[in-house]
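Notes to accompany the following structure.
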Amino acid sequence: MGLVYIIEPDAAIRDALEILLESVNVPVKGFADAEAFLGAVGPVPRGCILADAEMPGLNGLALLNELRKQGSKASVLLLADSTDSKYVQRAMYSGAAAVLRKPFMDDDVIALICPLLDIEGISCRKSGIRSLRPM
């Protein structure tokens with residue numbers, strides 16, 4: 001079964017995303033940085049990845065490029081503080097499924113994630129979405 005991997009250095013955002021996705025019956029696993037994710041998951045993860053675009057060390061775009069170099073077909077959604085058009089262009093060219101600007105709305109995350117999960121055979125239970133944005 002595929003998972004949603006959340007790679008976010010801000011524990012409050014990571015925890016909120018985990019709670020949100022678990023509330024719609026989506027299996028999740030969180031990591032504080034890309035290096036920890038790659039070390040724990042291995043070279044070609046299945047599933048969907050939500051990664052912070054500006055995290056220290058290996059940033060979201062570098063992680064995406066590394067995954068593609070390793071042959072990963074996982075869907076990658078980048079979470080960015082700004083959505084500069086050149087950055088979005090580079091991300092999409094590199095194979096990102098989407099770039100989502102922080103702060104985000106819970107419904108936006110669900111709307112982007114659920115279709116990607118359908119590809120992986122995971123069904124989102126879309127009712128009962130709660131507001132869990134970090135403060």
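Observations on the structure shown:
- Close Lys pairs in the chain (alpha-carbon distance under 25 Å; sequence gap of 8 or more, or different chains): 10.
- Helical contribution to [θ] at 222 nm, DSSP H n ≥ 4, -39,500 (n - 2.57), averaged over the chain, rounded to 500: -12500 deg cm²/dmol
- Rounded to whole Hz, the Karplus (6.51, -1.76, 1.60) HN-Hα couplings of the stretch 65-70, x for glycine and proline: 5, 5, 4, 5, 4, 7
- Among the trypsin sites (Lys or Arg not before Pro) in the stretch 47-78, those placed in a DSSP loop whose Cβ has at most 15 other Cβ atoms within 10 Å are 73.
- Structural descriptor for the chain: relative contact order 28 percent, calculated from alpha carbon pairs under 8 angstrom and at least 6 residues apart.
- With one equal scatterer per alpha carbon and no solvent term, the Debye-computed log10 I(q)/I(0) for the stretch 3-120 at 0.10, 0.11, 0.16 1/Å reads -0.24, -0.30, -0.66.
Each value in this text was obtained by applying a stated rule to the coordinates, not by laboratory testing. In this text, all values refer to a predicted model and were calculated from it rather than measured experimentally. Note that each Cβ is placed from the backbone with ideal geometry, even for glycine, and that neighbours are counted across all protein chains shown.
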